[in-house]
Amino acid sequence: MPERDLELLSAYLDNQLTVAERINLDRRLAAEPRLRAELEELRATTTLLRQLAPVRPPRSFTLDPTTAPRPRRFIPITWFMQLGSGLAGLALVLLATVQLLVMGGVGVELAPAAAPAPATLEAEAPTVATMAESAPKTSGAMAPEATPAADQAATQPPPLAGGAGSTTENGTGGPPAIDRTVDTLPGGAERQATPFETPAPAVQPRGFPVGLTLALGLVLIGLALAWHLASRRTG
Amino acid sequence: MANEELRLVAAGQRGDVEAFNQLVRLYEGRVYNLCYRMLSDADAAADATQDTFIAAYRNLNRFRGGLFRAWLLRIATNTCYDMLRARQRRPAVSLDAGYEDEDAGPRLDLPDPAESPDEAVLRRELAQALELGIAQLPEDQRIVVILSDVQGLAYDEIAAVTNTTLGTVKSRLSRARARLRDILRAGELLPSKFRHDDE
C-alpha cells in the first residue's frame, strides 16, 4: 500500500480530508476492495487503541506548598532583544536611506570608484609639473607652505569639474588626492616622486558605506522577524 | 472551564500553589498516562509526571495564553524525551519492565460482568500487543498516536504539543497506525471480520 494512500485513509478516519479528497477517496473505496479492506483494518486498529484502558496514577502529584519552588520571574529578555535588533535595523535602514537621499545615490556608486584613485595619482605623481598644475586648482592661490593649503582643502573640498576631481565633492574620492598633495608639497614643489615609490594606500571613505549600512539594517530586521516567528512557534 | 483554568493559571503565576494544585489534580491522570505510554515504565512515568508539574510551576510565567493542556503536555513530552535519551545513554531498564511492574497502579479496565472468559483473555492479549506495539514505535510516531488515538486530541492540538505542522502529524499518525495494524495482524489480534490475509 503506497504511503500516500495510507495517509489518506488515516486522515479519512479522522475527518481530516478536504471535500475534494474525500469525494475522490469515496470513489476509489467503492471501486477498490483492497483499499476498503485497508481502511477497515485501520479503523479496527484505531478503535482498539481508543479502548486501551487508562492507567491510574500511583499517587498524587500535587506540589507541597512549603517546599514548592516559586514560579520564576520571567524576564522577557528575548522580547527586548527582538525589539532592540529590529529597531537598530530600522535605524540603519533609515540612515542609509537618508544618506542615499542626501547624496543622490553617489555614495553607493563611489565606493568602487574610490579604488582607482591612487593609480591615477601615481600616474600623475612623477612629474612635478603635473602637481604644480593641479595644486593651485585644488587650493586656489596656494602659498609656498603647503600644509595650511592642504588643511583648507581637507576641510573645504573645492569644486572641481569632471574626472577624479568630481570625487572630492562627496569627500570619498578627495582624501587620496589631498594626502598626496600634502605628501609631495612640504619638500617644496621640487620634491619629485620616483616611479618606484610605493603608492599610498587607498584611503577608505569616511563613515560606513551606504550599501553596507543598508544590508546590515536589513539583516537585523530579518533576524528580529525570524526570532519573533521562531519564539511564537515554540511558545 | 477555560476561564476557570486561566484563573487558576493566573493565581499560580502569582505564587498560589493551591491554585496550581487544582490544575495538577485536573491533569495528573492525563500527564501520567502520556508518560506511561511513552516510557513503558510505571516508576519512570511517575518521575516524569512529577518533573513535569514542577517544571510547569516553575515556568508558569512563560505560559502566554492558549491551551494550558497543550502547554502542559508539551512539557511532559519533552520530559519524556529527556528520559528516553538518558535511558539510551544508560540502558539499564528494559522497555517492557513496566508491564510486569506491580507498582504500576491498577488498570481501570475492570472486567465486564457480561464478558466471557475467552473475551477477557482476548482483550488482555490485545491490550498487551498494543502496548508492546506502541513501545516499539519510533518516538515521534509514538507520541502522535498516544495523543491522537489514546488521549483523543485533535490534530491541531497535537501539532501544538509536538511543535510540528498538521502535515507532519498526519504523516506520522498514518505510519504509526499502519505499523500497529501490522503488529495486530501478525498476532492475528485484529477482529476476524476486519482481517484480510492476502499478503
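For the reader, a short list of remarks on this structure follows.
- Of all residues in segment A:69-123, those that are surrounded by 17 or more Cβ atoms within 10 Å (Cβ to Cβ), modelled with pLDDT under 60 and hydroxyl-bearing (Ser, Thr, Tyr) total 0.
- Only a single item in (1) assigned to a loop (DSSP other than H, G, I, E, B); (2) closer than 30 Å to B:Lys170 by Cα; (3) at the interface with chain B (Cβ under 7 Å from one of its Cβ atoms) is not met by A:Met1, and it is number (3).
- Candidate set: segment B:51-68, residues that are surrounded by fewer than 21 Cβ atoms within 10 Å (Cβ to Cβ) and polar (S, T, N, Q); chosen: the one farthest from the other protein chains (Cβ to nearest Cβ): B:Asn59
- Residues within segment B:1-39 that are more than 8 Å from chain A (Cβ to nearest Cβ) and polar (S, T, N, Q), tallied: 2
- Qualifying residue in segment A:17-36 (condition: hydrophobic (A, V, I, L, M, F, W, C), within 7 Å of chain B (Cβ to nearest Cβ) and out of contact with any Cys (no Cβ under 8 Å at 6 or more places or on another chain)): no
- Residue within segment A:84-101 that is at the interface with chain B (Cβ under 7 Å from one of its Cβ atoms), under 30 Å from A:Leu229 (Cα atoms) and assigned to a helix (DSSP H, G or I) present: no
- Number of positions in segment B:122-142 that are touching a residue at least 24 places away in the same chain (Cβ under 8 Å) and closer than 25 Å to B:Asn163 by Cα: 10
- Among the candidates B:Ala48, B:Ala70, B:Ala44, B:Ala55, the residue that is over 23 Å from B:Gln13 (Cα atoms) and outside the structural domain of B:Leu153 (by TED's automatic domain parsing) is uniquely B:Ala44.
- Exactly one residue out of A:Leu42, A:Leu9, A:Leu17, A:Leu25 is free of Cβ contacts under 8 Å to residues at least 40 places away in the same chain, over 30 Å from B:Asp43 (Cβ atoms), of a type in the set (A, V, I, L, M, F, W, C) and part of a loop (DSSP other than H, G, I, E, B): that is A:Leu17.
- For segment A:52-75, the count of residues that are in a helix (DSSP H, G or I) and either out of contact with any Lys or Arg (no Cβ under 8 Å at 6 or more places or on another chain) or among the polar types (S, T, N, Q) (or both) is zero.
The values are calculated or read from the model by the stated rules, or taken from the named source; none is laboratory data. Since the structure is predicted, the reported quantities are computational estimates derived from the model, not experimental observations. Neighbour counts run over all protein chains shown; Cβ positions are idealised from the backbone, glycine included.
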